[in-house]
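Rule-based calculations on the coordinates, nothing more; no lab input. All values reported here derive from a predicted model rather than from experimental measurement. Don't worry about glycine lacking a Cβ; one is built from the backbone with ideal geometry, like all the others, and counts go over all protein chains shown.
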Amino acid sequence: MTTPTEDNIETTSTPREGRATRDFETAQRRLFEGTDLHTQSRFINLENPRVRTHVFESGPIDDDPPLVFVHGGMLFGAFFAPLMAQFDDTRMIAFDRPGYGLSDRFVYTKGNIRQNASDVIGGVLDELGIERADLVGQSGGGYASIQFALAHPERVRRLILIGAVANFPGTPLPVPFRLMTVPLLNHLLQRLQKPGEEGVLDFLELVGEREAIQRYPALIRAMAAHQDVIQARGAGMSELKAHFSIRGWRASSRIREEELRNIQQPTLAIWGTNDPFGTPEEVRDSIDLIPDVRLETMDSGHAVFLRYPERCAQLIHEMRERNTHEAE
């Protein structure tokens, strides 16, 4: 049971909410089937924050260290299905961050966004009995992965960042996302948003991936079902507001240049040349602050693996195999 606090709100689901969650669960299962990704799903109870969290795994249990995928804001763990499906004989773990997917309701704030990012990953690893992992973070998941890698360097062997990282030095903030933080404008934008799959395609156009996402009809349907889950919409909006306002990124959650210099893990950054949250040219100086980093760019938007799943998987495999004996 999740304990209600000012940062973490749990309420009884209405019949409509329950139906929307069941529809998303069905769509997610069909997404796994459509990508031929064989998963085992379960729920774990995190201690901090106190949230029941949905986790799914794929691959051999004895593969160590596992690949742990951390999704971005307004999304869910199964968003990684096209990428995860590229790996054979690899233990993979993904989860729905608090508030998203099938996990319990959660409200992100300026006060909890940074600590929560690290605590959730640590809690998942603890509950699964994992001492060390290779992290794959996309967008806001990249932000969370960096926070955990800084707080617990001994528990992260490799750090893989896909797409512009939230609140990363040098990243611009597109105007449409700034407007979402203004209550009246956000209400108007929601009324104008197209329902269902068309709304998903319009959102993916904002992040430069409308064409790429159409390779995955089951993923579009899962995203459409997810946006109907009221608590997921609430979590997404609260996370946006925790990270930025109409004026831009918030200083309280900003990744500092000094923090980038302190990243100890070999790091792979896979960046889309047309990422609206920051092109490689805009962030290159900041990326170069990471002591051991490899930057790979591709002709894509914010979710590079949708267009290039095979290439991204190859790069991740190479990073995991690089100088393995030095990392053990």
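Values as computed for the structure displayed
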read-out: Neighbour-count ranking [beta-carbon atoms within 10 angstrom, fewest first] of Trp271, Trp249; value: Trp249, Trp271
read-out: Helical mean residue ellipticity (222 nm; -39500 (n - 2.57) per DSSP H run of 4+; nearest 500) of the chain; value: -12000 deg cm²/dmol
read-out: Given charges at beta-carbon only (K, R positive; D, E negative), |dipole| of the chain in Debye; value: 1200 debye
read-out: Normalised contact order of segment 15-323, rounded percent, pairs of Cα under 8 Å and 6 or more residues apart; value: 21 percent
read-out: Residue exposure sequence - Lys194, Lys241 - by fewest surrounding Cβ within 10 Å; value: Lys194, Lys241
read-out: Under-5 Å amide H pairs with Arg294, H placed in peptide plane, nonlocal only; value: Thr267, Leu268, Ala269
read-out: Residue exposure sequence - Ser300, Ser286 - by fewest surrounding Cβ within 10 Å; value: Ser286, Ser300
read-out: Residue-by-residue Karplus 3J(HN,Hα) for segment 80-94, coefficients 6.51, -1.76, 1.60, Hz, glycine and proline x; value: 7, 3, x, 7, 4, 5, 7, 9, 10, 6, 10, 6, 10, 9, 9
read-out: Other-chain or far-sequence residues with amide H under 5 Å of Gln138's (modelled H); value: Val70, Gly72, Ile162
read-out: Choice from Thr39, Thr267, Thr279 with maximal GNM fluctuation in the chain (Cα, 10 Å cutoff); value: Thr39
read-out: From phi via Karplus (6.51, -1.76, 1.60), per-residue ³J(HN,Hα) for segment 268-279 in Hz, x at Gly/Pro; value: 10, 10, 10, 10, x, 5, 10, 5, x, 8, x, 7
read-out: Projected label distance in nm at Glu47 and Asp285, using a 7 Å step from Cα toward the beta-carbon; value: 4.3 nm
read-out: Burial ranking of peptide ranges 141-148, 251-258 (average Cβ count within 10 Å, highest at the top); value: 141-148, 251-258
read-out: Label-point gap, in nm, between Asp126 and Glu258 - each point 7 angstrom along Cα→Cβ; value: 2.7 nm
read-out: Fraction of antiparallel bridges per DSSP, the chain only, in percent to nearest 5; value: 35 percent
read-out: Gain in span if fully extended, Val175 to Ile61, counting 0.36 nm per residue against the direct Cα distance; value: 36.6 nm
